[in-house]
Amino acid sequence: MKFFIDTANLAQIKEANDFGILDGVTTNPSLMAKEGITGEENILKHYVDICNIVEGDVSAEVISTDFDGIIREGEALAKLHKNIVVKVPMIKDGIKAIKYFSKKGIKTNCTLVFSAGQAILAAKAGATYISPFLGRLDDISFDGIELIKQIVHIFRVQNYQTQILAASIRSPLHIVKCAEAGADVITSPLDSILALLKHPLTDIGLEKFIADHNKGKKISE
Ligand code: E4P
């Protein structure tokens, strides 16, 4: 399972990349706004800055909701860097645009997927990735992990090549459950990735090993 970081924060992207486990980045308009990145020129430059940090796919989202607008924006984004993946919303013109991009060899990530039916449509159109938002489903009392399992099952049975990119991750347990379910990729905030490191028995065990080593040193001195 690949690990993407879900942020537009360059410091966090560098930290995850230096950690050695990063395979790519996803952004969205809300994450860009959170970093204070506004205006077309600044937004495009920021995507290039991200691509220069990480050797892996970087999702850059279109704002248009009509076919011509999505194509215009998507083609401009794809020209920025070879690793840009055009992130397209799960709407009718979005599906048409995914088909168009797929024929042109431009990678896509179909975003805002909340059902198996939507996932099937995006796969049929040739999306490189689909992003089911599991945390937002959990927020409204639907089981996001169950949706990931259902989509994994369908894609295996149907032999769809589209990768399942589990998004809207809220906890380290989400990451573990996505791995168990067979997601191809998770995209997560940095804190949930780093929380995978934590176990109290690791901390207690390490403290004891170091204390015992130091005791042994004193005896031999
Ligand atoms: C996916 O690509 C989105 O950027 C993201 O995972 C949404 O997460 P949120 O529900 O925490 O905003």
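The values are calculated or read from the model by the stated rules, or taken from the named source; none is laboratory data. The structure presented is a predicted model; accordingly, all values stated were derived computationally and were not measured. Using ideal geometry, Cβ is built from the backbone for each residue, glycine included, and neighbour counts are taken over all protein chains shown. Heavy atoms of the whole protein, side chains included, go into the accessibility calculation; ligands, DNA and RNA do not. Shrake-Rupley method; radii C 1.70, N 1.55, O 1.52, S 1.80 Å.
Remarks
- Residue among GLY36, GLY105 that alone is part of a loop (DSSP other than H, G, I, E, B) and farther than 30 Å from ASP191 by Cβ: GLY105
- The residue of the stretch 164-184 that is farthest from LYS2 (Cα to Cα), among those that are away from the ligand (no atom under 11 Å from the Cβ) and open to solvent by less than 20 Å² (accessible area, probe 1.4 Å), is ALA181.
- Residue within the stretch 40-50 that is open to solvent by 40 Å² or more (accessible area, probe 1.4 Å), at pLDDT 95 or above and not in a helix (DSSP H, G or I) present: no
- When ALA60 is tested against (1) away from the ligand (no atom under 16 Å from the Cβ); (2) in contact with a Leu (Cβ under 7 Å, 6 or more places away or on another chain), just one condition goes unmet, and that condition is (1).
- Filter result for the condition that a residue is on the phi > 0 side of the Ramachandran plot and of a type outside the set (A, V, I, L, M, F, W, C), over GLY205, GLY144, GLY182: GLY182
- Yes/no for LYS92 being over 17 Å from the mean Cα position of the chain (by Cα), modelled with pLDDT of 95 or more and within 24 Å of ILE186 (Cβ to Cβ): no
- When we screen ILE154, ILE148 for residues that are assigned to a helix (DSSP H, G or I) and open to solvent by less than 30 Å² (accessible area, probe 1.4 Å), the only hit is ILE148.
Quick grid of which residues meet (1) within 21 Å of SER168 (Cβ to Cβ); (2) among the hydrophobic types (A, V, I, L, M, F, W, C); (3) at pLDDT below 95; (4) surrounded by 13 or more Cβ atoms within 10 Å (Cβ to Cβ):
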residue: ILE5; (1), (2), (3), (4): yes, yes, no, yes
residue: ALA11; (1), (2), (3), (4): no, yes, no, no
residue: LYS14; (1), (2), (3), (4): no, no, no, yes
residue: ASP18; (1), (2), (3), (4): no, no, no, no
residue: ILE21; (1), (2), (3), (4): yes, yes, no, no
residue: VAL25; (1), (2), (3), (4): yes, yes, no, yes
residue: PRO29; (1), (2), (3), (4): yes, no, no, yes
residue: ALA33; (1), (2), (3), (4): yes, yes, no, no
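- Some residue of the stretch 101-115 being touching a Gly at 6+ places or on another chain (Cβ under 8 Å), open to solvent by 10 Å² or more (accessible area, probe 1.4 Å) and over 30 Å from PHE142 (Cβ atoms): yes
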